[in-house]
Amino acid sequence: MKPILYLSFLLCWTIIFSQKAVTDDGKEIMLFENRTWKPSSDLGNFFTLEAYTAGDQKVIISKDSTWKFKSKETEDLYEHTFVNNKKFTANKTASSLGKSKRVDAGFYYDSKKWTIIQEQHENPRGEIILQRITNQDIVASFGSFPLNDKETLKNVKDIVLTSFLMNPSHYKIKKTEFRTVNDNKIFFVKFFDIDSDYEIIQNYLITDDNHFVMLSVGSSEKDFVSHEKEMQDLINGLIKVKTEKYIERINVQAPVPPPILPKNQN
C-alpha cells in the first residue's frame, strides 16, 4: 500500500480492535482491548491457558475472563507508559490552521513546508492528508473517532498500543509517552511499520466533544532521522479548537408542486 493511503487508513484500523486467538487444543476465543476475552465454545475447567493470535503474538488467558501478553517485555511495554513532564508547543513558524469539521480539534502547520493535498470532511474518521513540499514521500494524516462517555486518554493508549503489540511481525513499538502539548494531555507513540519500511510518530488527543483525534506523520526509515524534528513540529501543532461542524447533505427529491387549477370561465 502506498504511504499516503497507509496513513489515511491507519486510524480506522487501530481503533477497531478485536482479535481471534486459538488455544493449544484448537479452541477459538476473541480478545478485546479492555483485556477481556470471550470463548466461541466451552473451554472446560482451567486456571490459565495459552493462546496464539493470527498476528504471531502469544497471550495467557485466565478463568476470570482476562488476558495478558505472555512476553514479559511486551506486557511491561503495555503496562508502563513513561510520563514526560516537558511541555511541548507548536512551532512559531506554524501559522496556518487545519481544522476538523467533525470534532472540536485542529492543528497548526507551516504552509511553507507542508501542503494539504486532500480533505474528506464527509469521512467520519480520516479527514485531512498533508504532504511535505520538498519531499513528497513524507506524508501526514489527521482524523478522529468517537469515544464512550467514560473513556480516558489511558483507554485510548490501551486501544492503540494493544493493536500494535498484537502484530509483532508487522509493527515494532519504539517509544510511548504521555505528554503535554499546547497545554493538552497527549498520548505519543513512535513505531516502525515493517511492511512499508516506514517510521511513524503520532499524537492522540481527547477533545471536549468526546472524540479522540490523531495527527500522524511518517517517512521511510532511511530518511526519518534527518526529518524527525520537522515531523515532530508538525504533530506538536495538534490543538483543541471550536469548529463549524460538517452537515451531511442528503439529496431529497423536491415535492411535486400542486396542480394548477384552470380559472373558472364565465
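Among 178, 196, 165, which residue has its Cα furthest toward the positive end of the charge dipole of region 83-240, with +1 on Lys/Arg Cβ and -1 on Asp/Glu Cβ?
Farthest along the dipole direction, towards plus: 178.
Rounded if a/c is under 1.5, else prolate if a/b beats b/c, else oblate: with a ≥ b ≥ c from the C-alpha gyration tensor eigenvalues square-rooted, which is region 77-125?
oblate
Between residue 36 and residue 115, what FRET efficiency follows from the Cβ-Cβ distance if R0 is 41 Å, with the result rounded to 0.05? List each step's numbers first, then the result.
Working: r = 44 Å, r/R0 = 1.07.
Between residue 36 and residue 115 the formula returns 0.40.
On a 22 Å Cα-Cα criterion, which of the cross-link pairs 27/63; 92/175; 20/174; 150/240; 70/150 come out too long? Before the final figure, lay out each step's value.
Working: 27/63 15 Å; 92/175 26 Å; 20/174 25 Å; 150/240 19 Å; 70/150 29 Å.
Correct reply: 92/175; 20/174; 70/150.
Gain in length, residue 185 to residue 92, computed as 0.36 nm per residue apart minus the alpha-carbon separation, to one decimal in nm?
Numbers: separation 93, 0.36 × 93 = 33.48 nm, distance 2.02 nm.
Full extension of this stretch gives 31.5 nm more.
How much FRET efficiency would the formula 1/(1 + (r/R0)^6) give for residue 54 and residue 79, where r is the Cβ-Cβ distance and R0 is 30 Å, rounded to 0.05? Intermediate results must be reported in sequence, preceding the final value.
Details: r = 23 Å, r/R0 = 0.78.
The computed FRET efficiency comes out at 0.80.
Under a crude label model (7 Å from the Cα following the beta-carbon direction), how far is residue 46 from residue 177 in nanometres?
Here the answer is 4.0 nm between the modelled labels.
No lab work stands behind these numbers, since they all come straight from the coordinates. Not measured: the values here are computed from a predicted model. Note that we place each Cβ from the backbone using ideal geometry, even for glycine, and neighbour counts take in every protein chain shown.
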